[in-house]
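Have a look at the structure below, then the notes.
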Amino acid sequence: MSEAIEPKHKCNPCGNLFDTEIQYLEHACPITGFNPTEFEHAAATDPSFAAASAKSQERGAMRVNLEEKGATPDEAQQIAHEATQEVK
């Protein structure tokens, strides 16, 4: 008797099961509209990822602006990092 092999990978948003990691990573999730390797899939499924990404984009835009105004890349990075930190 051969035993059925249980699928090893599950897409949490849609619940689909996959036998291989490649199948999982390459599938287009019908819930998010993206595959798990795409940024949009992670942003749609993990609120903390989306929030961190928004902060990262904010820092990036601020760095570009500061560098255009004459700040060195290191100065711009430090200022943007400090400006986007949450006060606890």
For the chain, take the longest principal axis of its alpha carbons; what is the angle in degrees between that and the long axis of helix 73-83, to the nearest 10 within 0 to 90? 80 degrees
Entry for Rg and Dmax of the Cα atoms in Å (calculated from the structure that is shown) out of (1) 13.9, 47; (2) 20.0, 73; (3) 15.1, 46: (2)
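If you keep only loop residues by DSSP, which GluC sites (Glu not before Pro) in the range 52-88 have at most 14 other Cβ atoms within 10 Å of their Cβ?
On the way: sites: E58, E67, E68, E75, E82, E86; in loops: E86.
Here the sparse-neighbourhood loop sites are E86.
What's the local net charge at Q57, with K and R +1, D and E -1, over the other residues with C-beta under 14 Å away? Could you put the intermediate results ahead of the total?
Numbers: positive: K55, R59, R63; negative: E40, E58.
After counting each charged neighbour, the total is +1.
Do you know the relative contact order of the chain, to the nearest whole percent, from alpha carbon pairs under 8 angstrom that are 6+ apart? Write down the numbers at each step before the final one.
Values: 80 pairs, mean separation 11.9, N = 88.
With pairs under 8 Å counted, the relative contact order is 13 percent.
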Measure of compaction for the range 45-85 (Cα Rg per 2.2 N^0.38 Å): 1.26
With angles folded into 0 to 90 degrees, how steeply does helix 47-68 sit against the dominant principal axis of the chain? Use alpha carbons for both and round to 10. 30 degrees
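A short reminder: the numbers here are calculations on the coordinates, not readings from a lab. Because the structure is a prediction, the values reported are computed rather than measured. Virtual Cβ from ideal backbone geometry, glycine too; neighbours counted across all protein chains shown.
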